Every structure is written in C-alpha cells, then in structure tokens.
Amino acid sequence: MLFASPIYLCFLAGVFLAYNILPQKWRIYILLAASYIFYCWLDWRFGLILGGMTLFNYFCSYLMSVQIEKASRKRYLQLSLLGSLLVLIYFKYTDFFIESCIDISHVLDVHPNIHLLNIILPVGISFYTFQVVGYMTDVYRGSVTHEKNFATFALFMSFFPQILAGPIGRSTTLLPQLRENHPLDLNRITDSGKQFLIGMFKKLVIADRLAMFVDPVFANPFSHSGSTLAMATVFYAFQIYCDFSGYTDMALASANLFGIKLQPNFNLPYFADSISDFWKRWHISLSMWLRDYIYTPIAWMTSRKLPKARYFGFKSETLIYLTAVTVTFSLCGFWHGANWTFIFWGFAYVLLFATGFFVNFLVKSAGLKRLWKKPPVRILRILFVFCMTSLAWVLFRANTLEDGLYIYKKLFTDLSSQMYTGASSVSTFLSVLLIAGLVLYQVFEYNGFWERQKQNRKFSLVFSWSFYLFLLVGVSLLGVSSSRFIYFKF
Amino acid sequence: MLKNLSTWSIKVILFIILFFLLDFSISVFLVGGLMRYYGIGTHPEILIIGHSHLMLGVDKELLENKTKLRVAKYTREGATIEDRAIMIRQFLNKDSSKIRVIVYGVDAWMFNEEKLSENSYKMLLPFLSDTIVQDYIKNKCSSFEYHKNFLIKTTRFDELLVSSAFRGYLSKWTNLKFGQVDTISLKKDLLKGKHESIKVDPEKWKSFEKTVNYINSKNIRLVLLYVPTISIYNNLDSVNFKAINDKFVSLESKYQYVKYVDLNPGLSTHYELFYDPIHLNPSGQKIVTKMLSTHLKKYCITDSIK
C-alpha cells in the first residue's frame, strides 16, 4: 500500500472516518489497528517482528522504570539496545557479512561451504529500531517517563504514516501527542490535503520521471558517456530529494489529519552553504537522532579521554569533533544499507566535514569571515555544496563500488562526449523543465517570497487555488505510475 | 462549527468543480491536437498504420508531396496487432469516405510480441469516448483503471501523447532519429543472444488476417509494407524470415485488394540508412518514402477500386 496509490487514499479516508465517528476512547485503538493493518499489508510476518520488538521494549522500559539504582537501569537499557540492535543486525546485515566473508575467502583462495541466507528485510525496521532506541535512552536519561499505556507505546512504535520510512519520531514530542485527544478541525483537513498533493506531485511527477532516466544509466554505467553520467548524477540528486521529501510530505499530511504533527524532514537542503548546514536541512529527524544519541555521547566520551588542551599540535576540540563526526557518519552510512557503497558514502561525508572544518579555520585565520558571508560568495558556496552532495550521491546510488568509481572517473575525463537523451527525449526534456521549475519555486521560498505573499489575501487566494489546481492536474496528466520509495529499502 | 462546515464544503465543492472543468478543457484541447496529428477526421486518401518501425520509416509530408494525396499517419510506439486492428476500425468508423489505400507496417517479428508492452492499449486512452476504443479498453484494463480514466480525463494522457497533441496543432509531423547503427556492437550483442526470435503465434496471425479481411471487405486497397530491417538481423534466422515473407506473399493471392511490398532487397544491406537494427534514420526514411510513393502510384492510385 503505497502512499500515492488509490488504495492508500481509500484506507486513509476509512481510518479518518472511523477515528472521528467512533467514541473518543477508541481512537488510540483505531489508529493502532490501522497501523498494523497497514504494515501487515506488505507481509504479515513483518507485523510479528514489529509486535515482538514492541513487547520486548515495553517490558524493558517497564523494568527500567521500577529500578531506582542507576546501574540496574543501565542494565535494562543495555538489554533493550542489545535486543533491538541484534534484530536489526540479523535482518539487515547478516547476508552482507556472509557475502563479505565469501569475497574475502575467494581472495584468499579458500572456498568455505557458506551460502547467503536471503533474508527478507522488514520494511521500516531501521526507522522503528532507531525510534525505540531513542525512547529507551530518553527513559534512561529521565527525559520521559515509561509509557504505561501499552496501546500508546505500541502506536508510538507502529504509527502508520511514519513506520515505513520515518520521520523518526521522538518520545518527547510524539508520545504526548498520541495521548492527547484531537477534535475534528476543518483547517487541518485542508492543510493535510494541500501537503499530500505537494508530496504526490514531487513523487509521481518529478521523482518517478527522473527515475526513468537515472535507473537505466546507473544499471549499466559502463555503456554511457561522461556527459550522460553527469546528467544522471544531477537528476539523481533531485530524484532522491523529491522521492524522499515527497514521501515525507505525504506522511506528515496523513498524520496531521489525526492532529499529530510529525517532525519535518527537509528544509531546502540544496540551498545549504556548508556540509554541516546540509545535514541540518536533509533528513532532519535522522540528523537530530544521530546528533543526540551518537555524536554528542561520543564527543562527551572522547572529551573525557582527552584532558590536555592540545595533542600532536591540534586542539583537543578539533580531535573530539573529528572523532565524533567519523563515528557518526560511518554509522550513518552503515545504517543506510548493507553495502560497501553506503559505507563509503558515509566516509565521503567524514572527508567533506573534515575539509569544511579546515576551510572554516583558514577563513577565520585569514580574516575573510565577512567576505565569506557576502551574497555572491554564498551563492558559490551553495553551488559547491550541491556539487559535493551530488557527487556523494553517486556512491549512494551506484550498484557496486566499482560502478561508483567508474562513474567518478568518467565524470572528470569524458564530459564532452555525446549525451544520451533517455528512452524518451520528451520525458527527459520535461524532467529538465520540472527541475528548473522546482529550483525557481524554492529560490522564492528561500527568499521568503511565498511567506510574504500570504499576507496579501487576494493574491494568496488566487495563487493558492491556481497552484493546487496546477498540482492536481499535473499529477493526473503527467504522473508516472508509482514505484516504491527509495527510502523504503533502508 | 456548522457555519464553518458549510463554507468549507462549498470551497471544496468549488475546487472539485474547477478541477473537473480544467480537466475537461485540457483533454478536449489535447484530443483535438491528437486528431490533427494522426489525421483522424481529415478525410485522407492514404492511411498509414503501424508502430515505431513504420513511424520512423515513412515521412507523411514527403509522401503527400509525391503522391499529391492527403495522408494520415496513425502510428504509435509499441502498437500490437490487436491495437492496430482497433486503430483501423476506429479510424474507418469516423472517417472512411475518401480512403483508397491503407499502408500497414509488417515485419518478421510482429507475431512475437514479447518485447512489446503489455499495456500498449494505454496509447488509445485519449479516444475513450469512441465506442470501439471503449469496448477494447474495457476488456484490457482493470475496472478501477477504466473508471478512473473515464472520470478524470487528463489521466488518459502521458507526456508522449501531450507532445503529439502539440505537434498536431503545430503541424509538425516529422519523426526522426539521427545517427547510425553501430554494426560492430550490434554483431557482438547478437552473438551474445541479445535478439528476438522469429516465431508466429497462431492467435496473432489469426487476428492479423481478420484485420486484412476486414479491410478487404471495405473494398479498400491494403499495402503490407515491409520497411527494411538490417540484414545482419534478418539473416540470424533466415529460414523463418523467408517463411514469414512467404506468408505475406500468400496473402496477395488470397485477398483481392492486398499488395505486399517488401523493401528489404536492396536496402537492408545499406547500414548507413539505419538508426538501429529495426528503425531507419532520416536518410533511410527519405528513400523508403520515395519508394513507397512509387509503389502506391503503380499499384493503387492509378488502379483505384473505389
């Protein structure tokens, strides 16, 4: 049941009606039942795994909450983290480890009798594992108390708009909303409808159309020229953005229909002027999760191990920062997928962060801070960051490391060659137009133009109606048959 | 709350009405463009029916210049034998008064439609209001898809159909693919087995013959045109290739108004005329169009049966 499919729209309408018609005390159970139906629709066995994880963590959380001593609480936190992460590792990484072992044994000319287990990855497991790890840590830290109501906790783990690909919910913001009663609000329905439509347009009209060019090129990069690979690289940067932000828009809109505000995941990421700024704007719920549960603890632990002010001529703050970034982004890459391409994609960001750190240091030392912030330089920085992130996406999208390295080589040596215009040149041309339209729209958004126009009611009404009519006609006229969302595989 | 609800409902209904008005206007505009592009309702004397092979094989404007007759080129990428039968019926049902010749694209692989899209019927969706097309599509797609397309008219189009509609208004009928086939890579691919086999699905042949019979019953000349395919490709399975050719030839004696024109001899070895193993480039298209016009003048136009 994909968000942009008619069956999901019927499902959503049915849940919405039941939620508002049936007595208030049933609401949490309606959402819980809907969430499990939605998730089991993909494969009923996925529901069992989710149910098992929910029960296990609920009891760990309960046992932790009744302990007074910190050491005992820590034991239950460790038990919960171990259990949850083992499930994630088993489903997501077992085959990867086996495959790596087979590869290494081939290199060593040893032929052990081991085979892949071909384990099916339960969709969304990475997301709800991170969500529950965050919850357990928060309970341990005392940021939230143990959720006594099992149904509320189960809904926190399985809420259908976010279970497949986030946004990763935080116990501090999501749990209170799940406990609250949300009366029917017509404005909320309108807002949800608008946001859902924007998401559908991004997914069906832009992302899936770009995929028509990107997929065959990345499937066989060796038969394409450098210019074609460059085009596919740029297209993929926009495809993944429109795919994931389109999905997020639909998730946010679906949750908002029930009065639940999920965390927005994107804030004009390709307008970032530094790599750290990019990660504040891209997949925000993951970035914040990594910051709070990986980066900060690692930085804290490292700082305790480095009591001196300087080591090897470097300030200890620099070493703490680089250590925390290295661990965080290595894990970030590995979290995205059990493939060397993702691991190297994570390392690429470690390099980019380190480079950014030293460039900032040089700018400060040379007294260029004012120049660095001037608009023309800022535009250049935005373009540079876009190029760097697009290049990093190559590793993310490539099927193998070999493919990725070949693409990099061609990008820098074969740009003047003839370009492939896609299976349908009309579609490719339309893709370019759509990207141009999206960038133009976001330039206005970046400058706050749309926000200012909202003050002008007349303009706002005419523009708003025309805009949403345009989106609706766009989806029905140019929408490509929906395929799976890219982030579902994580 | 009630007042708010009524204002909100009015706004929603108004938005829906506006959407359907826009949807209707856009679809009327696009169907108009498509009719012009395909020549439906333009009272042509020659009708060209086929898929991309014929689309890139014949230049409509050049053919009109050479024959001094109005030509309609109703060709679509991936059109199957079944689709083409419907296209012919749809066309003749609307506009058969002046048609003297139908040029139907044939090739050795047309009865093996494995590589053609299973949903090629979607290209006929813009004409859903036509009863012949409607019956055909009803049988082809799910009930949900049918009703969705029936209700929201813009869902019947895709970017290719939109582009064709605009080309219709701009009177731009060129179908060109520039470049030349890379015979070295082609030979390598063929050695690896990357090619379709020639085989005749009896059901497909039956369906094809039904169309031939239908055109014959309308007393309209039918030219079965084999736009050349590259010899390297044809020679892969020369026995079956010849067998299919013989089948096409046999139709000439079986039906009174059928003429088979095979342009392979003399052209299939000229690799410089091909964009890929099946499709012609602009030079190939020009030559084939001129040859077709000669054949049409010789067999059909001077010897009109109407």
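Looking only at the stretch A:222-234, which residues are assigned to a helix (DSSP H, G or I) and either surrounded by fewer than 21 Cβ atoms within 10 Å (Cβ to Cβ) or within 26 Å of the chain's Cα centre (by Cα) (or both)? If the condition is that a residue be assigned to a helix (DSSP H, G or I) and either surrounded by fewer than 21 Cβ atoms within 10 Å (Cβ to Cβ) or within 26 Å of the chain's Cα centre (by Cα) (or both), then A:Phe222, A:Ser223, A:Gly226, A:Ser227, A:Leu229, A:Ala230, A:Met231, A:Ala232, A:Thr233, A:Val234 are the ones that fit.
Within the stretch B:48-80, if we keep just the residues that are touching a Phe, Trp or Tyr at 6+ places or on another chain (Cβ under 6 Å) and under 27 Å from B:Lys206 (Cβ atoms), the residue that is surrounded by the fewest Cβ atoms within 10 Å (Cβ to Cβ) turns out to be B:Tyr74. So, A:Met53, is that one more than 26 Å from A:Leu331 (Cα to Cα) and buried (at least 17 other Cβ atoms within 10 Å of the Cβ) or not? So A:Met53 does not fit the description; no.
Taken together, A:Thr173, A:Thr145 contain a single residue that is touching a residue at least 24 places away in the same chain (Cβ under 8 Å), more than 17 Å from the chain's Cα centre (by Cα) and part of a loop (DSSP other than H, G, I, E, B), which is A:Thr145. With respect to A:Thr400, is the statement that it is under 24 Å from A:Ile206 (Cβ atoms) and touching a helix residue (DSSP H, G or I) at 6+ places or on another chain (Cβ under 8 Å) true? Criteria not met by A:Thr400. May I ask you to verify whether B:His53 is more than 14 Å from chain A (Cβ to nearest Cβ), closer than 22 Å to B:Gln90 by Cβ and outside any helix (DSSP H, G or I)? No. Apart from one condition, B:Ser96 fits all of (1) away from chain A (no Cβ under 14 Å); (2) under 27 Å from B:Leu176 (Cα atoms); the exception is (2).
Based on this model, can you work out whether A:Ala4 counts as over 30 Å from A:Gly83 (Cβ atoms), within 26 Å of the chain's Cα centre (by Cα) and aliphatic (A, V, I, L, M)? Spelling it out, A:Ala4 is indeed over 30 Å from A:Gly83 (Cβ atoms), within 26 Å of the chain's Cα centre (by Cα) and aliphatic (A, V, I, L, M).
Condition check ((1) within 14 Å of chain B (Cβ to nearest Cβ); (2) within 18 Å of B:Phe24 (Cα to Cα); (3) at pLDDT 85 or above) across all residues:
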| site | (1), (2), (3) |
| --- | --- |
| A:Leu438 | no, no, yes |
| A:Val443 | no, no, yes |
| A:Asn447 | no, no, yes |
| A:Tyr468 | yes, yes, yes |
| A:Gly479 | yes, yes, yes |
| A:Ser482 | yes, no, no |
| A:Phe488 | no, no, no |
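For B:Ser217, the requirement of being small (Gly, Ala, Ser), surrounded by 19 or more Cβ atoms within 10 Å (Cβ to Cβ) and on the phi < 0 side of the Ramachandran plot is not met. May I ask you to say which residue of A:Ala299, A:Ala219, A:Ala237 is modelled with pLDDT of 95 or more and either surrounded by fewer than 20 Cβ atoms within 10 Å (Cβ to Cβ) or aliphatic (A, V, I, L, M) (or both)? From the options A:Ala299, A:Ala219, A:Ala237, the qualifying one is A:Ala237.
Considering every residue within the stretch B:80-97, establish whether at least one is aliphatic (A, V, I, L, M) and free of Cβ contacts under 8 Å to residues at least 60 places away in the same chain. Checking the stretch B:80-97: at least one residue is aliphatic (A, V, I, L, M) and free of Cβ contacts under 8 Å to residues at least 60 places away in the same chain. Restricting attention to the stretch A:186-199, the residues that are touching a Gly at 6+ places or on another chain (Cβ under 7 Å) and away from every other protein chain (no Cβ under 12 Å) total 1.
Looking only at the stretch B:16-50, residues that are away from chain A (no Cβ under 14 Å), more than 27 Å from B:Gly78 (Cβ to Cβ) and in a helix (DSSP H, G or I) come to 0 in all. Under the condition of being closer than 23 Å to B:Leu92 by Cα and either of a type in the set (A, V, I, L, M) or assigned to a loop (DSSP other than H, G, I, E, B) (or both), the residues counted in the stretch B:124-156 number 8. Is there a residue being assigned to a helix (DSSP H, G or I) and loosely packed, with under 13 Cβ neighbours inside 10 Å anywhere in the stretch A:107-117? There is at least one residue in the stretch A:107-117 that is assigned to a helix (DSSP H, G or I) and loosely packed, with under 13 Cβ neighbours inside 10 Å. Just one residue in the set B:Ser120, B:Ser96 is surrounded by fewer than 22 Cβ atoms within 10 Å (Cβ to Cβ) and either modelled with pLDDT of 90 or more or under 13 Å from the mean Cα position of the chain (by Cα) (or both); that residue is B:Ser120.
B:Tyr260 meets the conditions (1) touching an Asp or Glu at 6+ places or on another chain (Cβ under 6 Å); (2) outside any strand (DSSP E or B) in every case but one. The failed one is (2). Scan the stretch A:120-142 residue by residue and report those that are under 14 Å from A:Thr54 (Cβ atoms) and either part of a loop (DSSP other than H, G, I, E, B) or without any contact (Cβ under 8 Å) to a residue 24 or more places away in the chain (or both). The answer is A:Pro122, A:Gly124. With respect to the conditions (1) surrounded by 18 or more Cβ atoms within 10 Å (Cβ to Cβ); (2) of a type in the set (S, T, N, Q); (3) modelled with pLDDT under 90, B:Gln90 lacks only one, and its number is (3). The set of residues in the stretch B:170-181 that are out of contact with any Pro (no Cβ under 7 Å at 6 or more places or on another chain) and either within 11 Å of chain A (Cβ to nearest Cβ) or not in a loop (DSSP other than H, G, I, E, B) (or both) comprises B:Lys177, B:Gly179.
In the set (1) outside any loop (DSSP other than H, G, I, E, B); (2) modelled with pLDDT under 90; (3) touching a helix residue (DSSP H, G or I) at 6+ places or on another chain (Cβ under 7 Å); (4) not aromatic (Phe, Trp, Tyr), B:Asn240 fails one condition alone, (3). Of the residues making up the stretch B:134-169, those that are loosely packed, with under 14 Cβ neighbours inside 10 Å, within 14 Å of another protein chain (Cβ to nearest Cβ) and not polar (S, T, N, Q) are B:Phe144, B:His147, B:Leu151. Of the set (1) buried (at least 18 other Cβ atoms within 10 Å of the Cβ); (2) in a helix (DSSP H, G or I), all apply to A:Ala338 but (2).
Taking A:Val426 as the residue in question, decide whether it is surrounded by 14 or more Cβ atoms within 10 Å (Cβ to Cβ) and either free of Cβ contacts under 8 Å to residues at least 40 places away in the same chain or β-branched (Val, Ile, Thr) (or both). Yes.
The values are calculated or read from the model by the stated rules, or taken from the named source; none is laboratory data. Note that this is a predicted model, so its numbers are computed, not measured. Glycine also receives a Cβ, built like all others from the backbone with ideal geometry; neighbour counts cover every protein chain displayed.
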